[in-house]
Amino acid sequence: MKITEETIKHVAVLSRLEINKNDISQVTEQMSSIINMADQLSEVNTEGVEETVQVVDRDTVFREDKPEHWQSREELMKNVPEQANGFIKVPVIINKDEDE
Amino acid sequence: MNFKSTIGFEVHFELKTNSKIFSPSPVSYGAKPNTETNVIDWAMPGVLPYVNKDVYRLGIMVALATHSHILPNTHFDRKNYYYPDSPKAYQITQFYQPLARDGYVEIEVHGKKKRIGIHEMHIEEDAGKNTHGTNGFSYVDLNRQGVPLLEVVSEPEIADPDEGYAYLEKLRKIVQFTGASDVKMEEGSMRVDTNISIRPAGQKELGTKVEMKNLNSFEHVRKSLAYEEKRQAQVLLAGGRVQLSTRRFDEATGKTVLERVKEGDADYRYFPEPDLAPDHISQEWIDEIAATLPRSAEERYSQYVNEFGLKDYDAQVLLQTKESSDFYDKTVAAGADPQLAANWMNTQVNGYLNDNRVSLADIKLTPENLAAMIELIKNGTISSKIAKKVFAETIANGTDPKKYVEDQGMVQLSDTSVLEPMVKAVVDSNPQSVEDFKNGKDRAIGYLVGQIMKKTRGKANPKVINQLLNQELQKR
């Protein structure tokens with residue numbers, strides 16, 4: 001599978017990553033080798049094997065609908081860059097990339 | 001040239017649970033910002049989401065009510081995007097195997113019935129709420145993040161804005177009567193996105209679609225679609241191309257305004273959610289849920305009109321909300337006359353709710369008490385005049401009407417052995433009225449009734465008095 005510089009630039013935009021112009025060719029090369037390593041999996045013969053989305057040994061794990069207050073709100077809010085009246089203050093971004 | 005419209009809808013419903021879809025954070029409106037959110041909602045390292053069973057249960061109710069096929073095997077997927085409304089940088093949704101597919105809703109427009117297909121419906125988590133300040137900052141409240149949503153996607157089978165309006169009304173009513181959601185657009189528990197494309201009549205492939213998001217009333221949906229039909233036709237007739245875009249409805253002008261041009265499909269890099277096991281939905285569980293499904297508005301309507309003999313209008317008023325219809329059903333179940341119960345619900349009870357700006361859930365009136373009061377009127381224990389007083393007391397304080405009437409000595413006087421001497425005495429002391437009566441002045445009787453009412457402080461049964469008075473006057 002060929003990874004191009006265009007793909008790297010596109011993924012960088014999607015991930016909000018800034019990649020230095022000078023580094024792009026190196027990142028492209030490294031990404032290619034990672035993807036190609038993972039791509040070896042496609043050599044495995046999976047004919048007749050049912051498709052799966054999960055490898056855990058259980059399914060249908062449900063919780064009862066019981067609310068619980070989180071006790072350490074202050075701890076949680078320590079992770080935010082800036083607060084204002086309990087809100088998380090962030091630079092204004094009007095448009096999402098797309099709809100949710 | 002004639003054009004044909006193709007309209008589709010994506011409607012989000014907030015499902016009515018006590019806790020969030022993947023964490024035990026409480027779901028509550030109006031809580032202080034960021035007080036109802038926790039480490040799971042934020043996807044902090046080392047935490048795992050855990051599916052709320054009721055989210056599936058409520059979703060399955062809506063699937064059943066829309067004749068949808070519920071998938072026996074489903075799983076969640078991760079939709080990647082970066083935006084401050086979710087610290088996770090992804091939304092957990094169902095992309096590959098949704099909750100249900102291939103349902104339908106039946107609508108009626110201008111007397112014509114039509115089925116609108118439901119392509120699919122899936123459950124997912126809501127995002128937080130951003131408030132944009134004017135100072136270059138946004139303020140984020142994550143209380144809403146992780147609130148369960150059900151997204152219902154219609155087939156693009158809606159041919160005009162009126163059908164679109166009818167579809168939304170019907171879908172709202174169906175969901176409302178399952179009890180799965182509050183379906184209040186003004187509170188965001190129902191949110192409507194629509195898309196519309198037009199094509200020349202006879203052309204097979206669909207035109208380029210335009211999307212409009214978060215319209216805040218059904219009327220705005222209708223108006224914006226009608227505007228788009230015209231606008232797109234003008235663009236095409238002028239030899240132009242409709243742009244794949246998102247537009248916004250401007251309430252002030254009634255026009256739609258370009259918001260964003262789309263360039264190809266969004267790249268969300270969906271993949272199966274690795275933190276959640278797949279879900280198997282057994283037929284047994286579906287049957288269990290089906291057995292608890294409340295009666296639909298349609299079923300109730302047909303009972304109200306055909307069995308109880310209510311007028312169409314009265315039935316419609318009762319069916320405006322599930323709460324009001326449930327209250328009415330319970331009142332009738334408690335033994336009330338269906339017609340009288342409908343009259344009291346639609347006039348006195350609704351009047352009280354409007355005057356006090358409260359809902360049925362906030363007041364002390366119970367269906368049992370309403371039924372008891374109606375019975376007191378029906379069997380002649382109290383007059384309809386006294387009933388107004390009893391009603392005011394029982395709705396304000398939850399007092400048992402029967403006990404109240406007895407304690408206050410309000411029982412209507414119907415006993416002829418008590419009333420007869422009174423009637424005689426009143427007739428004896430008013431010879432002028434007797435004279436008037438004989439001269440054909442019917443009003444004379446009204447005066448005499450008034451005298452007896454005075455003596456009994458309004459408790460005499462007017463029917464009985466009228467009858468006794470007539471008998472007595474004939475004798476004179």
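The values are calculated or read from the model by the stated rules, or taken from the named source; none is laboratory data. These figures come from a predicted structure and were not determined experimentally. All Cβ positions, even for glycine, are placed from backbone atoms using ideal geometry, and neighbour counts span all protein chains on display.
If only residues of region B:35-59 that are surrounded by fewer than 21 Cβ atoms within 10 Å (Cβ to Cβ) and within 7 Å of chain A (Cβ to nearest Cβ) are counted, the one that is farthest from residue A:77 (Cα to Cα) is B:53.
As a summary of the residue check, residue B:204 satisfies the conditions (1) out of contact with any Pro (no Cβ under 8 Å at 6 or more places or on another chain); (2) over 30 Å from residue B:329 (Cβ atoms); (3) surrounded by fewer than 22 Cβ atoms within 10 Å (Cβ to Cβ); (4) in contact (Cβ under 8 Å) with a residue 40 or more places away in the chain except for the one numbered (4).
Residues are listed down the side, and each one gets a yes or a no for (1) at pLDDT 95 or above; (2) buried (at least 22 other Cβ atoms within 10 Å of the Cβ):
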site: B:165; (1), (2): yes, no
site: B:170; (1), (2): yes, no
site: B:175; (1), (2): yes, yes
site: B:179; (1), (2): yes, no
site: B:182; (1), (2): no, no
site: B:200; (1), (2): no, no
site: B:209; (1), (2): no, no
site: B:214; (1), (2): no, no
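With respect to being crowded, with 19+ Cβ neighbours inside 10 Å, in contact (Cβ under 8 Å) with a residue 12 or more places away in the chain, over 33 Å from the mean Cα position of the chain (by Cα) and assigned by TED's automatic domain parsing to the domain that holds residue B:60, residue B:276 fits the description. Just wondering, is there one or more residues in region B:293-309 that are closer than 30 Å to residue B:93 by Cβ, out of contact with any His (no Cβ under 7 Å at 6 or more places or on another chain), within 14 Å of chain A (Cβ to nearest Cβ) and hydrophobic (A, V, I, L, M, F, W, C)? Looking through region B:293-309, none of the residues is closer than 30 Å to residue B:93 by Cβ, out of contact with any His (no Cβ under 7 Å at 6 or more places or on another chain), within 14 Å of chain A (Cβ to nearest Cβ) and hydrophobic (A, V, I, L, M, F, W, C). Could you check, for region B:316-327, whether at least one of its residues is modelled with pLDDT under 95, in a loop (DSSP other than H, G, I, E, B) and either not hydroxyl-bearing (Ser, Thr, Tyr) or not assigned by TED's automatic domain parsing to the domain that holds residue B:107 (or both)? Yes, there is a match, as at least one residue in region B:316-327 is modelled with pLDDT under 95, in a loop (DSSP other than H, G, I, E, B) and either not hydroxyl-bearing (Ser, Thr, Tyr) or not assigned by TED's automatic domain parsing to the domain that holds residue B:107 (or both).
Name the residue, out of A:31, A:37, that is more than 7 Å from chain B (Cβ to nearest Cβ) and touching a helix residue (DSSP H, G or I) at 6+ places or on another chain (Cβ under 8 Å).
Values: A:37 fails: touching a helix residue (DSSP H, G or I) at 6+ places or on another chain (Cβ under 8 Å).
Selected residue: A:31, the only one of A:31, A:37 that is more than 7 Å from chain B (Cβ to nearest Cβ) and touching a helix residue (DSSP H, G or I) at 6+ places or on another chain (Cβ under 8 Å).
Please indicate, with yes or no, whether at least one residue in region B:105-113 is part of a loop (DSSP other than H, G, I, E, B), closer than 30 Å to residue B:275 by Cα and either more than 12 Å from every other protein chain (Cβ to nearest Cβ) or in contact with a strand residue (DSSP E or B) (Cβ under 8 Å, 6 or more places away or on another chain) (or both). So that I can check it myself, show each step before the final result.
Initially, region B:105-113 is screened for residues part of a loop (DSSP other than H, G, I, E, B), giving B:110-111.
Narrowing further to those that are closer than 30 Å to residue B:275 by Cα: none.
Looking for residues that are part of a loop (DSSP other than H, G, I, E, B), closer than 30 Å to residue B:275 by Cα and either more than 12 Å from every other protein chain (Cβ to nearest Cβ) or in contact with a strand residue (DSSP E or B) (Cβ under 8 Å, 6 or more places away or on another chain) (or both), one finds none in region B:105-113, hence no.
Every test in (1) closer than 22 Å to residue B:73 by Cβ; (2) surrounded by 11 or more Cβ atoms within 10 Å (Cβ to Cβ) is passed by residue B:296 save one, and that test is (1).
Residue A:66 meets each of the listed conditions (1) farther than 24 Å from residue B:131 by Cα; (2) more than 9 Å from every other protein chain (Cβ to nearest Cβ) apart from (2).
Condition check: among the basic types (Lys, Arg), in contact (Cβ under 8 Å) with a residue 40 or more places away in the chain and closer than 30 Å to residue B:297 by Cα. Does residue B:222 satisfy that? Here the answer is yes, as residue B:222 does meet what is asked.
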